[in-house]
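Notes follow once the structure below has been shown.
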Amino acid sequence: SSYLALANFYTQVEKYASAVGVYDQLLAILPDSVSALIGKGSALYMLGDNEGAETLWLQAKEKAKGRNSGSLGEIHTNLGLLYYYRGDYELAVVMHELAARTLGNDHRVWGRIAESYRAAGNPELERDSYARAIELAELQLQLNPNDWETLGLLGIYHANVGDAEPALDYMNRMLALDVPLSTPNYFSALIHWSLGDTEAAYEELQLAIDKGIPASMLLEDPDLMKLRALDVPRFDAVLYANQG
């Protein structure tokens, strides 16, 4: 529908509050719309309303059972991310593995499984999952060499297995596309931090914040929380500098 297209557009350009308003209009007409429930949950999540997001995604899961396996994969992915950022790593693994049943050819699913295994303390399964993520992501790039998200995530995958040269190459290819969003700089901060370059991580983090990435998202990232632990006043000063 035109409502769904508009709401999805607002989400893609990181106008999350506007997206919520349009999703609400759609849900007033179609209260059982799985796509609208997923989308509104994602927008709320990016605005820092984790409880609201989880409620909507669980509602969507109940409505999607038995009739929309593709949506179930997306729902399980979203719940897996929520649980990962909440620190429930074992539950995150379960959700991402459920997502892989229907989205097993999506490199992002395997990257999320890998990071959940890392956080849960299972390095062997982490490395195997990153290897699968890299394989699938490289296939994706053959279809679209200018897929900025896949380029950035390949940088993250390689950084997390200690392959600095390809990690930085993929990161630089992503940044060269000059995508006007905060996410590429967020990805770059994670890559530099994984490779041990604290100063470069802070530079990219500052750019992401300047472009409007939600502070709540950064404060929940387990990797960035390790960066914060090194110098809490510095991290928080960067995070909140633009908030008056």
Residue selected from segment 45-67 under the condition within 16 Å of Gln12 (Cα to Cα) and touching a Phe, Trp or Tyr at 6+ places or on another chain (Cβ under 8 Å), by the criterion least open to solvent (accessible area, probe 1.4 Å): Met46
Any hit, segment 84-101, residues being within 24 Å of Phe9 (Cβ to Cβ), modelled with pLDDT of 90 or more and in contact with a Ser or Thr (Cβ under 7 Å, 6 or more places away or on another chain): no
Positions within segment 91-108 being open to solvent by 30 Å² or more (accessible area, probe 1.4 Å) and within 20 Å of Gly52 (Cα to Cα), in sequence order: Leu91
Cross-chain or 6+ apart pairs with Cβ under 8 Å, segment 54-75 first and farther than 16 Å from Leu91 by Cα and of a type in the set (S, T, N, Q), then open to solvent by 40 Å² or more (accessible area, probe 1.4 Å) and at pLDDT 90 or above: Ser71/Ser35
All positions within segment 167-184 that are surrounded by fewer than 16 Cβ atoms within 10 Å (Cβ to Cβ) and assigned to a helix (DSSP H, G or I): Asp169, Asn172, Ala176
Number of positions in segment 105-135 that are hydrophobic (A, V, I, L, M, F, W, C) and under 17 Å from Ala167 (Cβ atoms): 5
Criterion (open to solvent by 40 Å² or more (accessible area, probe 1.4 Å) and not aromatic (Phe, Trp, Tyr)) met by exactly one of Asp147, Asp88: Asp88
Residue in segment 35-49 that is nearest to the chain's Cα centre (by Cα), counting only those that are farther than 11 Å from Leu4 by Cβ and aliphatic (A, V, I, L, M): Met46
Condition check for Ile213: on the phi < 0 side of the Ramachandran plot, part of a loop (DSSP other than H, G, I, E, B) and within 16 Å of the chain's Cα centre (by Cα): yes
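Does Leu26 count as modelled with pLDDT of 95 or more and open to solvent by less than 40 Å² (accessible area, probe 1.4 Å)?
It is false that Leu26 is modelled with pLDDT of 95 or more and open to solvent by less than 40 Å² (accessible area, probe 1.4 Å).
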Filter pass, Glu220 being touching a Phe, Trp or Tyr at 6+ places or on another chain (Cβ under 6 Å) and either crowded, with 21+ Cβ neighbours inside 10 Å or touching a residue at least 60 places away in the same chain (Cβ under 8 Å) (or both): yes
So Leu153, is it touching a Gly at 6+ places or on another chain (Cβ under 8 Å), within 18 Å of Glu14 (Cβ to Cβ), in a helix (DSSP H, G or I) and touching a residue at least 12 places away in the same chain (Cβ under 8 Å): yes
Residue in segment 126-139 that is small (Gly, Ala, Ser), closer than 30 Å to Ala176 by Cβ and open to solvent by 50 Å² or more (accessible area, probe 1.4 Å) present: yes
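The values are calculated or read from the model by the stated rules, or taken from the named source; none is laboratory data. Source: prediction; values computed, not measured. Methodologically, a virtual Cβ is constructed for each residue, glycine included, from the backbone with ideal geometry; neighbour enumeration extends over all protein chains shown. In case anyone asks, the SASA skips ligands and DNA or RNA and just uses the protein heavy atoms, side chains included. Shrake-Rupley method; radii C 1.70, N 1.55, O 1.52, S 1.80 Å.
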